[in-house]
Amino acid sequence: MEKLINEFSFGLFFWQLLIFVGLIFLLKKFAWKPILDAVNERETYIKEALSSAEKARKEMETLNKENQGIIKKARAEKEALLKEAQQTSSRIVDDAKRQAKEAADKIIRQAHETIEGEKRSAIIELKGKVADISVEMAEKILKSELDNKEKQSKFVQTLLKETNI
Amino acid sequence: MVKSITIKLIILVGLINSYNAFSNVLEKDKDELEKEIKEYINHHVLDSYDFNLLSYTKDDGAKVYVGVPLPVLLWDKGLVVFSSSKLNHGKSIVQVGENYYKLYHNKIYKTDSSGTIFYDKNNHVANKSPVDFSMTKGVVSILLVSILMFVLFRNLAVSYKKNKMMASGIGRFFEPIVLYIRDEIAIPNIGQKKYKKYMSFLLTVFFFIWFCNIIGLTPLGINVTGNIAVTFCLALLTFIITTVSGTKDYWKHIFWMPGMPLPMKIIMAPIELLGVFIKPFTLMIRLYANISAGHIVMMTLISMIFIFRNLIGSSLSFMLAFFISIIEILVALLQAYIFTILSALYFGFAVEEHDH
């Protein structure tokens with residue numbers, strides 16, 4: 001302790017105090033204040049820039065979401081439209097088919113009816129003709145056959161045979 | 001290029017310095033050598049009136065000092081100024097007017113024309129000592145560090161304006177340290193609200209101690225922060241700032257600790273009051289002891305090279321000195337940090353607001 005007190009030099013203490021306090025005030029005015037101010041300013045600037053970037057990002061996100069929604073909606077609309085169009089077209093085709101079928105059916109039916117009518121009248125006519133021809137033939141055959149007795153009885157016999165009682 | 005040459009020159013001068021300091025004593029016997037080394041180290045740790053870079057002994061035995069003499073300023077019923085070269089390292093008596101002055105054991109005493117030194121019963125010097133305001137080596141070093149700091153940080157401050165809020169140049173290296181002191185030392189210890197008032201002191205004291213410690217490690221042989229007067233001044237400033245900024249709460253906690261039984265309050269008051277003085281006192285002693293111890297250890301290890309005077313011992317001492325000097329670089333920063341953070345802590349105590 002005595003050594004410490006012995007070593008203590010008042011002159012050095014005086015100069016140190018003077019220079020150091022002077023240095024504090026000089027540096028405060030010309031260095032620390034501008035440095036800390038600049039750093040503070042930079043920090044607030046960075047903070048603001050970051051927050052505004054964050055805000056922009058959020059905005060972008062909502063915009064994106066909106067866009068997505070719009071696209072989704074548009075896609076759904078498109079699909080609905082397409083579906084409707086398909087339905088309409090298939091309905092039209094179906095209708096057309098049905099109408100065509102109906103018309104065809106009608107024509108076919110009419111044709112059938114005509115054919116049937118023609119057929120019937122043809123059959124009737126044919127029947128009349130066949131009766132006439134067969135009567136005529138029978139007349140001729142009978143005329144030629146019934147000239148002799150033997151042939152008559154033979155004929156009767158065959159008739160009898162054919163007819164089962 | 002010029003820079004690197006300057007650095008090489010400084011290193012060369014340092015090497016010659018440490019070499020010459022001991023080379024002239026190689027031929028002397030060991031006891032005398034050890035005594036001389038002890039004296040040399042003791043002398044180095046103290047302040048000096050000249051800025052000496054190296055000294056050597058000529059063949060005819062005359063000691064030659066290479067360095068710059070500094071002005072000696074004394075207050076002896078009026079200002080007395082003369083060059084320290086006149087003191088001639090204690091060998092000459094300086095006459096100014098009717099007064100005679102002599103350097104004896106690193107202190108200037110008033111004496112007579114023959115330079116007699118009187119002793120009292122305890123073998124102390126009884127001569128009168130004038131008030132000494134000399135621009136010693138320490139004062140010059142303090143001035144140089146202050147100028148360096150001012151130029152450096154003024155440059156940093158200006159570079160913000162020039163460079164759109166970004167630091168440029170060498171200040172860029174110090175900006176993170178300034179921010180560290182603000183964010184890790186000042187704000188956590190003092191508080192967001194009040195830290196700004198103390199920033200100038202904390203920053204100045206940190207860089208001042210750090211730079212002084214670092215130039216103390218160069219071979220220039222400067223020892224500023226290892227001087228009790230300097231650390232006393234720094235601690236005194238911490239003490240004054242703490243005392244001045246102490247709030248009502250702070251003093252209440254010292255003299256009448258709330259929330260304690262009455263007898264405890266009475267016991268605590270003197271202890272707490274003592275603490276007010278012990279805190280800056282430890283700051284002073286810690287810095288002084290660490291730095292001067294570092295210098296003494298470094299110089300001892302270097303001198304051991306010359307005491308051993310053989311390959312193994314000397315190279316071992318060299319290795320030790322090398323590693324200790326690396327540790328000293330760390331200690332230089334650490335001591336500056338500790339001084340700053342403890343000052344901040346004491347300021348924090350002084351301005352703390354308690355809610356009871």
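The values are calculated or read from the model by the stated rules, or taken from the named source; none is laboratory data. Only a predicted model underlies this, so the values are computations on that prediction, with no experimental measurement involved. Every residue, glycine among them, receives a Cβ derived from its backbone with ideal geometry; neighbour counts consider all protein chains shown. Surface accessibility is based on the protein's heavy atoms, side chains included, excluding ligands, DNA and RNA. Shrake-Rupley method; radii C 1.70, N 1.55, O 1.52, S 1.80 Å.
Give, ordered by residue number, each residue of segment B:65-107 whose 1.4 Å probe accessible area is reduced by a minimum of 20 Å² on adding the remaining protein chains to the chain alone.
Those residues are B:107.
Mind grabbing the base-10 log of I(q)/I(0) for chain B at q = 0.06, 0.10, 0.16 Å⁻¹? Debye formula, identical points on the C-alpha positions, no solvent, two decimal places.
Summing over Cα pairs of chain B leads to -0.31, -0.81, -1.41.
In Å², and per residue, what accessible area does the protein assembly as shown have when probed at 1.4 Å with the other protein chains present?
Accessible surface, normalised per residue, equals 64 Å².
Not counting ligands, DNA or RNA, and with a 1.4 Å probe, what is residue B:267's accessible surface area in Å² rounded to the nearest 10?
100 Å²
Given only helices, namely DSSP H runs of n ≥ 4 each adding -39500 (n - 2.57), what is the per-residue ellipticity at 222 nm of the protein assembly as shown, to the nearest 500 deg cm²/dmol? List each step's numbers first, then the result.
Details: 14 runs with 365 residues, N = 521.
The per-residue figure over the protein assembly as shown is -25000 deg cm²/dmol.
How many partner chain Cβ atoms sit within 10 Å of a residue's Cβ in peptide B:168-177, on average, as a whole number?
1
With 20 Å as the cut-off, how large is the P(r) tail for segment B:121-275, expressed as percent of Cα-Cα pairs?
Every Cα pair in segment B:121-275 considered, those over 20 Å come to 68 percent.
For segment A:32-163, count all C-alpha to C-alpha pairs, find those more than 19 Å apart, and express that count as a whole percent of the total.
Tail of the P(r) past 19 Å holds 82 percent of the pairs.
Measure nothing fancy, just the Cα-based angle from helix B:311-351's long axis to the longest principal axis of chain B, in degrees from 0 to 90, nearest 10.
Tilt of helix B:311-351: around 30 degrees.
What does the buried accessible surface come to for A and B, summed over both chains, with the probe at 1.4 Å? Round to 100 Å².
Interface between A and B: roughly 3900 Å².
In whole percent, how big is the carbon plus sulfur part of the accessible area of the protein assembly as shown, probe 1.4 Å, protein atoms only? Don't skip to the answer; put the middle values down first.
Numbers: 21600 of 33290 Å².
That fraction is 65 percent.
Counting only Cα atoms, I'd like the Rg/Rh figure for segment B:55-132, Kirkwood definition for Rh.
Ratio of gyration radius to Kirkwood radius: 1.01.
Net charge near residue B:194: determine it from the other residues with C-beta under 12 Å of the C-beta of residue B:194, scoring Lys and Arg +1 and Asp and Glu -1.
Numbers: positive: B:193, B:196, B:197; negative: B:352, B:353.
Around residue B:194, the charge tally is +1.
Take the cross-link list A:29/B:137; B:86/B:128; A:3/A:29; A:55/B:197; B:38/B:137; B:196/B:248 and give me the ones stretching past 30 Å between alpha-carbons.
A:3/A:29; A:55/B:197
Could you quote the convex hull projected area for the protein assembly as shown, Cα atoms only and averaged over all directions, in nm²?
73.3 nm²
Between exposed GluC sites (Glu not before Pro) in chain B, where DSSP calls loop and at most 13 other Cβ atoms lie within 10 Å, what's the longest gap?
Maximal segment without exposed cleavage sites: B:99-352.
Express in Å², to the nearest 10, the accessible area of residue A:81 obtained by rolling a 1.4 Å probe over the protein heavy atoms while all chains stay in place.
Rounded to the nearest 10, that gives 110 Å².
Could you give the longest part of chain B that holds none of the chymotrypsin sites (Phe, Trp or Tyr not before Pro) found in DSSP loops with at most 16 neighbouring Cβ atoms within 10 Å?
Numbers: sites that count: B:118, B:256.
Here the longest segment lacking exposed loop sites spans B:119-255.
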